[in-house]
1. State the extension gain, in nm to one decimal, for the chain segment bounded by Arg83 and Val150, taking 0.36 nm per residue of separation less the distance between their alpha-carbons.
2. Within the range 1-88, which GluC sites (Glu not before Pro) sit in a loop by DSSP and count at most 12 neighbouring Cβ atoms inside 10 Å?
3. Quick one: accessible area per residue over the range 1-120, 1.4 Å probe, rounded to a whole number of Å²?
4. In degrees from 0 to 90, rounded to the nearest 10, what is the angle of the helix 94-105 Cα long axis to the longest principal axis of the chain?
5. Output the antiparallel fraction of DSSP beta bridges having both residues in the chain, as a percent to the nearest 5.
6. Show the residues, 5+ positions off or on another chain, whose built amide H is closer than 5 Å to the amide H of Ile138.
7. So if I restrict to the alpha-carbon atoms in the range 1-81, what is the Rg, and what is Dmax, the biggest pairwise distance, in Å?
8. When only alpha-carbon atoms are used, what values of Rg and Dmax, in angstrom, describe the chain?
Amino acid sequence: ENSVKLNQRRRRIGVMGGTFDPIHHGHLVAASEVQAVFGLDEVIFVPTFRQPFKLGCPVTEAEHRYLMAVIATASNPRFSVSRVDIDRATTTYTIDTLTDLKSALGDVELFFITGADAISDIMRWKDIDQLFELAHFIGVTRPGHSFNPVNLPAQHVSLVEVPAMAISSTDCRNRVKSHQPVWYLVPDGVVQYIAKYGLYADDARLQSDSG
Ligand code: ATP
Ligand code: MG
């Protein structure tokens with residue numbers, strides 16, 4: 001009887017969307033903490049192709065961002081990386097991410113994990129009512145960003161305090177560009193991947209233009 005019940009429990013899947021340019025320990029700590037607090041079976045990192053709010057900003061080639069996420073998550077049996085957004089290859093909307101994952105994964109319970117900077121304006125996201133039907137939303141604390149919990153519907157959104165990691169991808173990119181270390185801000189394999197492909201060095205983002 002117990003085993004029947006265990007089999008019937010819907011798998012609980014965390015979904016961590018982000019540009020991951022590059023993935024860093026702030027992302028990994030947040031995912032790990034939410035995995036533990038909500039007893040998630042798995043957390044899937046989903047690199048975006050391009051974000052609607054960042055249309056003017058150039059981002060590193062999706063394949064590099066995807067591979068860095070794979071390297072960073074490889075050692076954790078509960079972490080994986082999905083290509084749904086980068087393979088769709090159009091502006092990424094969370095509604096599409098969750099719809100595609102749900103049809104690929106079947107009858108699972110989805111938990112969308114997002115930082116304090118994004119959750120504050122979540123109510124303005126495209127198709128918010130549909131989003132709440134597809135997943136429970138989890139906002140994680142982030143140094144330098146405060147929650148504005150007003151108007152967040154408690155049945156759809158939970159807030160989780162994670163150990164503070166004052167790391168951003170922007171800061172990592174700037175550090176590489178100015179020859180400061182990113183050791184221990186990103187996983188070792190990501191430090192080495194960045195060096196191997198010369199990512200974030202001066203003019204790295206213009207390479208495709210100059211041939
Ligand atoms: P950028 O500086 O390029 O915007 P970022 O560090 O914000 O990069 P994203 O890929 O934009 O990283 O973030 C993906 C998700 O991870 C977002 O929901 C963001 O709020 C969250 N996040 C990023 N860094 C942290 C951190 N240090 N602590 C908690 N959450 C974080
Ligand atoms: Mg960001």
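1. Result: 20.7 nm gained on full extension.
2. Answer by residue number: Glu1.
3. About 46 Å² of surface per residue is accessible.
4. 60 degrees
5. Counting only bridges with both partners in the chain, antiparallel ones make up about 5 percent.
6. Those lying under 5 Å, H to H, from Ile138 are Phe112, Ile113, Thr114, Ser158.
7. Rg and Dmax of the range 1-81, Cα atoms, are 15.3, 56 Å.
8. When restricted to the Cα atoms of the chain, Rg and Dmax are 17.5, 65 Å.
The values are calculated or read from the model by the stated rules, or taken from the named source; none is laboratory data. Keep in mind that this is a model prediction, so the values were computed, not measured. Neighbour counts run over all protein chains shown; Cβ positions are idealised from the backbone, glycine included. When the accessible area is computed, the model is the full protein with side chains, heavy atoms only, and any ligands, DNA or RNA have been set aside. Shrake-Rupley method; radii C 1.70, N 1.55, O 1.52, S 1.80 Å.
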